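What follows draws every value from the coordinates through simple rules; no lab data is involved. These numbers were taken from a predicted model, which means no experiment stands behind them. In this analysis, Cβ positions are derived from the backbone assuming ideal geometry, glycine residues included, and neighbour counts consider all displayed protein chains.
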């Protein structure tokens, strides 16, 4: 079995070999104009989402909607609207 350094009887010195990761053949990746255009669209879409998030943060919280009841059977007085119990009065004070 030959030495990985491949000595040449010392006349020209040791031969150097490339490491294994340099010797492996990798597939060539082609960069096309359409792939660059798709990448540009993805970057623009990401910037759009960031801008919309920033605008939502700057807008602040949404105030609660006021409660309005349109179909009430009974009229409420001020005491029951404030959550108080109405006073108990006798029906006949004669």
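Working ranking of peptides 38-45, 56-63 by packing, defined as the average number of other Cβ atoms within 10 Å per residue, highest first, is 38-45, 56-63. By the beta-carbon count within 10 Å of each Cβ, the least crowded to most crowded order of 21, 49, fewest first, is 21, 49.
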